Amino acid sequence: MSPSRNFHDPIRVGVIGIGNMGQHHARVLSLLKDAELVGVSDVNVERGRDTASKHRVLFFEDYREMLPKVDAVCIAVPTRLHYDVGTTCLKAGIHVLIEKPIAATIAEAESLVQLAADQNCILQVGHIERFNPAFQELSKVLKHETILAIEADRMSPYSQRANDVSVVFDLMIHDIDLVLELVPSTIVRVSAHGNCVSPESKYLDYVTATIGFECGIIATLTASKVTHRKKRKITAHCTNSLTESNFLNNEILIHRQTTANWTTDYGQVLYRQDGFIEKVHTSNIEPLHAELEHFVACVRDRAQPSVGGAQALKTLRLASLIEQTAIDGQVWRSCDLQLREVATLS
């Protein structure tokens, strides 16, 4: 935020890229009381002008012309452009929320993280599921459990959206981030397998990966762009419970065992309860609303976001390793220097 502006003034924000996600960024920002949506920018002039008119803000055909007028931007352009647009904004001293993945390559991501630190700018990455009410409550539940294994399923019908990346970077990357947040332990083993919708396809459309952690927890992640039913679910197998979280309806169910018996006065067992289910209350807040509120607060307070560049870089490294492992059919272990270099430098 500019030193000449009052602390209590709304944070001036612009949106770069008015595609599927950018449209929602503009919508939510126009509603936040602590933010002022200044303008939007998109190479599609008709779409950009339409969005600007809808929210009664300025339209910029060249996003660079918007930068002197804002304190922060949300970048929702295709992944291949994240580095160039992000670099330009950070060099201008603008705080940035950039959609996931943080960049197309690890080298580009490292550069963005370093540049944000050098410029003393906030760099938040749009791993929106961190702000999903179901995940927020799941995190609280699992703090009191001993986790043995985690299963994450993220599946969707085929769509032309995000067809420039594999399913690992489009869908699985969300669950990679969530698993790394739930299991703060060193990764010692990764295996993965994948498939394409057609032999001519350049990118994997279905991938399943298994991650072994030093603490003993095993995480199995499955992501698909070719499944005929949408699914967003994380299941935690624990020593004393089975916890199922459904991100589509914000439902969390905790299954526990019991040995309670109901008997007659004469000691005859009428029935036995072998288990019971707890239903955890979750809020109905829109994850994007919570994410953008958090971003605006971090810009105002100069606080580090919960999903900053360093966390996003760690997620990108693991996503890159999973994709390469699925392509090569090899198993990565922490003692395997060659594959470690692939994960670090690709």
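Of 196, 215, the residue with the largest accessible area leads and the full order is 215, 196 (1.4 Å probe). List every DSSP H helix in the chain whose Cα atoms extend 27 Å or more along the helix's own long axis and whose mean Kyte-Doolittle hydropathy is at least -1.0. Membrane-span-like by this criterion, though nothing is claimed about a membrane: 309-328. One decimal place: the segment residue 107-residue 278 gains 57.1 nm when fully extended, by the rule 0.36 nm per residue minus the C-alpha distance. Each other residue within a Cβ distance under 14 Å of residue 147 adds +1 if Lys or Arg and -1 if Asp or Glu, for a net charge of -3. How many nm separate the modelled label positions at residue 256 and residue 202, each set 7 Å beyond the Cα in the direction of the Cβ? Output for this residue pair reads 5.2 nm.
Between residue 50 and residue 117, the modelled label-to-label distance comes to 4.3 nm, taking each label 7 Å out from Cα in the direction of the beta carbon. Which of the pairs 202/279; 33/140; 91/230; 233/314 have their Cα atoms more than 32 Å apart in this structure? Correct reply: 202/279; 91/230. Extension gain, residue 144 to residue 228: 0.36 nm times the residue separation minus the Cα-Cα distance gives 26.7 nm. Rolling a 1.4 Å probe across the protein heavy atoms gives the chain an accessible surface of 49 Å² per residue. To the nearest 20 Debye, how big is the dipole of region 196-242 about its Cα centre, given +1 on the beta carbon of each Lys and Arg and -1 on that of each Asp and Glu? Value, rounded to 20: 360 debye. Size descriptor for region 1-135, Kirkwood hydrodynamic radius: 15.0 Å (Cα pairs only, one decimal).
Expressed as a whole percent, the accessible area of the chain that falls on carbon and sulfur atoms is 49 (1.4 Å probe).
Considering only 199, 39, 114, the residue lying farthest towards the positive end of the dipole of the chain is 39, judged by Cα position with unit charges set on Cβ. Modelled label positions at residue 34 and residue 218, each set 7 Å beyond Cα in the direction of Cβ, lie 4.3 nm from each other. Computed about its Cα centre, the charge dipole of region 17-166 is approximately 360 debye, with only Lys, Arg, Asp and Glu carrying charge at their Cβ. Dipole magnitude for the chain: computed about the Cα centre from +1 point charges on Lys and Arg Cβ and -1 point charges on Asp and Glu Cβ, it is near 340 debye. Mean residue ellipticity at 222 nm, helices only, the chain: -10000 deg cm²/dmol; runs of at least 4 DSSP H residues each add -39,500 (n - 2.57), and the sum is divided by the number of residues.
The values are calculated or read from the model by the stated rules, or taken from the named source; none is laboratory data. None of these values were measured; they are calculated from a predicted model. In this analysis, Cβ positions are derived from the backbone assuming ideal geometry, glycine residues included, and neighbour counts consider all displayed protein chains. Ligands, DNA and RNA are excluded from the accessible area calculation, which covers all protein heavy atoms including side chains. Shrake-Rupley method; radii C 1.70, N 1.55, O 1.52, S 1.80 Å.
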